[in-house]
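What follows is a set of notes on a single structure, which appears directly below.
The values are calculated or read from the model by the stated rules, or taken from the named source; none is laboratory data. A quick note: this is a predicted structure, and the numbers were derived from the prediction, not measured. Neighbour counts are summed over all protein chains in view; Cβ atoms, including those assigned to glycine, are modelled from backbone coordinates with ideal geometry.
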Amino acid sequence: MAFFLNTKIWQTGALEWWGLIDNEDLFLGSREFPQPPDEGDEWLVRATGDRFKVINREIVRIGRGDATLC
């Protein structure tokens with residue numbers, strides 16, 4: 001899968017998306033993850049409350065969530 005992003009991302013067998021952001025494996029969501037991710041896309045991961053956005057071909061965490069949202 002080539003999405004032309006500078007962020008390393010992968011999908012698990014459970015159809016969950018993960019990414020290596022700031023040397024940390026972060027859960028990017030499952031159904032929330034945009035297909036295909038494109039410049040300017042923004043989404044909220046329901047399980048963690050984290051908010052991400054694609055900026056300059058990189059996935060950036062723009063908001064930290066609260067684990068009590070689960």
Working only within region 50-70, note down all residues that are modelled with pLDDT of 90 or more, on the phi < 0 side of the Ramachandran plot and not aromatic (Phe, Trp, Tyr). 50, 51, 53, 54, 55, 58, 59, 60, 61, 62, 63, 64
Right, residue 4: within 10 Å of the chain's Cα centre (by Cα) and not small (Gly, Ala, Ser) or not? no
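When residues of region 21-39 are filtered for being under 14 Å from residue 3 (Cβ atoms) and either loosely packed, with under 13 Cβ neighbours inside 10 Å or aliphatic (A, V, I, L, M) (or both), how many remain?
Taking region 21-39 first, the residues under 14 Å from residue 3 (Cβ atoms) are 28, 33-39.
Pick out the ones that are also either loosely packed, with under 13 Cβ neighbours inside 10 Å or aliphatic (A, V, I, L, M) (or both) and you get 28, 35-36, 38-39.
Residues meeting the conditions: 5.
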Residue among 43, 10, 17 that is touching a Pro at 6+ places or on another chain (Cβ under 8 Å) and surrounded by 12 or more Cβ atoms within 10 Å (Cβ to Cβ): 43
